[in-house]
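What follows is a set of notes on a single structure, which appears directly below.
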Amino acid sequence: MAITDSIGSALGLSGNIPQAEFRPMELATGLGTTSFEDGKGTFTLTPELQEVYQQLLGGGRQALGAAEYDPYTAAETLFGRMEGILAGGRERERQGLESRLLAQGRLGSTGGLFQQQGLEQAIEQQRAQSLNQAFGQAQQVQQGLFGRGLSGIQGAVGLQQLGQQQLSTGIQAGAAPLQAQMFNIQQQQKQQELVPSLLAGLGTGALSGYMMRP
């Protein structure tokens, strides 16, 4: 055993300085569990929240996929369906007007033509309004699908962010003991550094005592 080790042992100073070790805390909460292995942290949702996560993510993707359409084409399709529904009523209006004009002896007259033109203009105005409404509805549906898609994906991301926060909590919980270990190691290193100084002091004291002997 070296003399420095003997003196260090006599003074209560160990010659072996331990190594600091970082051990993050593994947590289990209502959200899920965290684990650390080989320097990597992993968060796993509970089975119930994992199912919610899959539903949010899958529903969000499905809604965004459904929103990828041309609103003009969708409006044209919707307008065509509306026109098909209204076509029968409009034809009956035309036939009814012709019957009335014929009964009045005005069919083909200037006044009768004005009435027929007025009916056609009203129908065209209605068609224009219907087309505008169809386009507005197509846009609203598209925006609603985008909103649903983004909300679903954001909800899924939010669950993952909660998991990241739980991982961070475990890392912070492991950092405090590490700091304490580092402090103890630094103190032991300083104590080890004192041993040579003590030896020098002891040697000087012994030499001085010898020189002062009568």
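Taken together, the values in this text are just the output of simple stated rules run on the coordinates, not laboratory data. Everything numeric in this text was worked out from a predicted model, so none of it was measured. All Cβ positions, even for glycine, are placed from backbone atoms using ideal geometry, and neighbour counts span all protein chains on display.
Quick look at the numbers
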quantity: Residues Tyr53, Tyr69, sorted so that the one with the fewest Cβ neighbours within 10 Å comes first; calculated: Tyr69, Tyr53
quantity: Rg(Cα) / (2.2 N^0.38 Å) computed for the stretch 27-144, rounded to two decimals; calculated: 2.19
quantity: Relative contact order %, the stretch 68-135, counting alpha carbon pairs below 8 Å whose residues are six or more apart; calculated: 60
